[in-house]
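As structure tokens, the structure follows; a few thoughts come after it.
The values are calculated or read from the model by the stated rules, or taken from the named source; none is laboratory data. What you are looking at is a predicted structure, and each value in this text was computed from that prediction instead of being measured. Here the Cβ positions follow ideal geometry from the backbone for every residue, glycine too, while neighbour counts run over all protein chains shown.
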């Protein structure tokens, strides 16, 4: 593990190549459908070096749980705790004037923006982190937003009712647009922090800086009233225009199903800045990076609420089978009966999109999904251990819900007092077994 000493996109790519974990493709490939098809199949980090119509490379499958562990340092169960520590202990960042992304100016058509699926509305920038200032307080906000390319000077932006939506709405009420800087492929910690749903008065970049031990550098933009991460590969400066809407969508979301088309605001592109040899980050909708960047930053927020109501929490896992968004496994130590049900309720409160939660004993690894299923088989009884909450707000991404109203289900698969399970145990220590096999293989 590198433990956070190399976190720029270039450093990550270089290290993954050094340890033999990077796939490089030299043959010419199209950004329309072909790159997405290969990246969905390959799963490993993959660098496309010869993209039709562009001199830029494209990296896919880079931000995975395993790579976050590799570069930030931790293990899968400790990772949400590390992110939570950064949320609770933000650090200031440095603001500088110069950055490599100011080396040259491009147009949108120079960037190898991908088209992913056959029914997509067009080419989408999916790795775009939008930086903007609160019109009233000046607080900087950073958040991921998909951008539909309309032409070389205009983008449609999907805004959900969170911080950036609030900033834009207040600016629009005054008849003004909102200036933005859009970063593509910044540091890993910047991406993780930008995917977090934090309080409105909190600067996500202070969380990123905490993860980077205070070394984050942000750059003053020349054309807009915003900052951008110094290590960005590409930065787009522009303005979200007031009182203008266009159709945005359809678009495949994290569930692998199409999200609805909506009327959304338009960004007027003022400048596109880039490094001399930029690397475009292509996050495939519904793919492994999309799921990682949705799930991983949400887990510490669930963890924080659950640890308020139980003795100890080992870990939380928004599982891939639940689209890394709708299903969670939580491993806890109980102080008394009823703790598991309290953990279920806390998890639903922390992450309203959750649909199903399974709570297991502390010694059960929430990443060992076969073991989790076995715990349900041996320790769960529906008449005693099932929590059902009808008519609750759920996720708009769940195609089985009606107007985002769903029925939530929690399963208490922990050991119950008086019903302890006696499992067969071999007395030979595992370390001796491993040593025996290591020394005596034929």
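Just a few scattered comments:
- Taken over the stretch 343-368, residues that are buried (at least 19 other Cβ atoms within 10 Å of the Cβ) and over 13 Å from residue 408 (Cα atoms) amount to 6.
- The stretch 259-320 holds strands (runs of 3 or more DSSP E) entirely within its bounds, and those carrying 3 or more residues that are under 21 Å from residue 110 (Cβ atoms) map to 262-274, 279-281.
- Taken together, the residues in the stretch 201-226 that are without any contact (Cβ under 8 Å) to a residue 60 or more places away in the chain and closer than 19 Å to residue 144 by Cβ amount to 2.
- Tally of residues being in contact with a helix residue (DSSP H, G or I) (Cβ under 7 Å, 6 or more places away or on another chain) and buried (at least 23 other Cβ atoms within 10 Å of the Cβ) across the stretch 195-209: 4
- Test: residue 156 is in contact with a helix residue (DSSP H, G or I) (Cβ under 6 Å, 6 or more places away or on another chain) and not in a loop (DSSP other than H, G, I, E, B): no
- Among the residues making up the stretch 66-80, a single one is buried (at least 17 other Cβ atoms within 10 Å of the Cβ) and at positive phi: 74.
- In the set 25, 95, only one residue is touching a strand residue (DSSP E or B) at 6+ places or on another chain (Cβ under 9 Å), exposed (fewer than 14 other Cβ atoms within 10 Å of the Cβ) and at pLDDT 95 or above; that residue is 95.
- Only one of 136, 120 that is assigned to a loop (DSSP other than H, G, I, E, B), surrounded by 19 or more Cβ atoms within 10 Å (Cβ to Cβ) and either outside the structural domain of residue 252 (by TED's automatic domain parsing) or touching a residue at least 24 places away in the same chain (Cβ under 8 Å) (or both): 120
- Test: residue in the stretch 233-243 that is outside any strand (DSSP E or B), assigned by TED's automatic domain parsing to the domain that holds residue 132 and modelled with pLDDT under 95: no
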